[in-house]
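See below for the structure under consideration.
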């Protein structure tokens, strides 16, 4: 196992968005943050969301006609589904997705017979990924990598996007209620801007800690970023004063270089604590409007029917609305 830059190569697979492979009885769990960062963060990140597979992809090229990836999922009330892409192009109905069980689950990937057509489409439309690059997009629960059978090789840099979008935020960024990983807003925005993505959303745990900001800024492999701030600190245990101090400190670190950073506050939602949410939005605006590309969360989503039954998370329609509105902002600055 070795790391080339920020690329985790293990058994000839590029484990995208993975910092560490941690061996367990069930296989290797994948951490999206290095241990020295995890141990400085709140327990929600340290013990749970760091190991969720949101934004994690297994990327490789086939040298044989097929390969078998063996995965398993931790227990979860939602179906855990891996989605298969040939470069930028979603797999066809027989190759689109596989349910990952809580026991060893083989996922067979074959070389498509129409690869030359996929290459022609990719070239004609200037798509960012080569269709030779198999992408197994993992769900956002914790999964384990058990092994691989078949002759494969890692992708070349020339077969991958040349720009990368990094997203930090709550479970909304993380992909909760997107229902499928490719419909999270970071995936969709990256796809439409023709770039790669790094999903550093931390479900229930985006507490704007300085070590997190320092880690994000230490990564030189992203071109532009977005920060979704506020909803995970709306609970009674967090005061408005503490939130303001965290926002000020977090954004002070994120001003570290001249890369474009888009910032938003709490999206519209249907729960109580609306007055506190209003105060939080004003705080984020106060510290983000000068040095960052700030958009109020209500400008990205403010339609109650687009919030799910839990009253907080956007539905699939709500996520699509965030994508549409934020893209209008980002396209002005990201070529």
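The values are calculated or read from the model by the stated rules, or taken from the named source; none is laboratory data. Since we're looking at a predicted model, the values are computed, not measured. Glycine also receives a Cβ, built like all others from the backbone with ideal geometry; neighbour counts cover every protein chain displayed.
Condition check: at pLDDT 95 or above, crowded, with 24+ Cβ neighbours inside 10 Å and not assigned by TED's automatic domain parsing to the domain that holds residue 63. Does residue 175 satisfy that?
Spelling it out, residue 175 is indeed at pLDDT 95 or above, crowded, with 24+ Cβ neighbours inside 10 Å and not assigned by TED's automatic domain parsing to the domain that holds residue 63.
Checking residue 104 against (1) assigned by TED's automatic domain parsing to the domain that holds residue 51; (2) under 19 Å from residue 225 (Cβ atoms), which test does it fail?
(2)
Yes or no: residue 155 in contact with a strand residue (DSSP E or B) (Cβ under 9 Å, 6 or more places away or on another chain), touching a residue at least 60 places away in the same chain (Cβ under 8 Å), crowded, with 17+ Cβ neighbours inside 10 Å and not in a strand (DSSP E or B)?
So residue 155 passes the test.
Residues that are out of contact with any helix residue (DSSP H, G or I) (no Cβ under 9 Å at 6 or more places or on another chain) and under 20 Å from residue 156 (Cβ atoms): which strands (runs of 3 or more DSSP E) entirely in segment 35-90 hold 3 or more of them?
Working: elements: 57-62, 66-73, 81-86.
Per the criteria, 57-62.
Test of understanding: among 45, 68, which residue is surrounded by fewer than 16 Cβ atoms within 10 Å (Cβ to Cβ) and not assigned by TED's automatic domain parsing to the domain that holds residue 174?
It is 68.
Scan segment 246-286 for residues that are part of a helix (DSSP H, G or I), more than 26 Å from the chain's Cα centre (by Cα) and more than 25 Å from residue 328 (Cα to Cα) and jot them down.
274, 275, 276, 279
Please tell me if residue 107 is part of a strand (DSSP E or B) and under 21 Å from residue 196 (Cβ atoms).
Spelling it out, it is not the case that residue 107 is part of a strand (DSSP E or B) and under 21 Å from residue 196 (Cβ atoms).
If you take the residues of segment 245-288 that are modelled with pLDDT under 95 and farther than 17 Å from residue 209 by Cβ, which of them is surrounded by the fewest Cβ atoms within 10 Å (Cβ to Cβ)?
258
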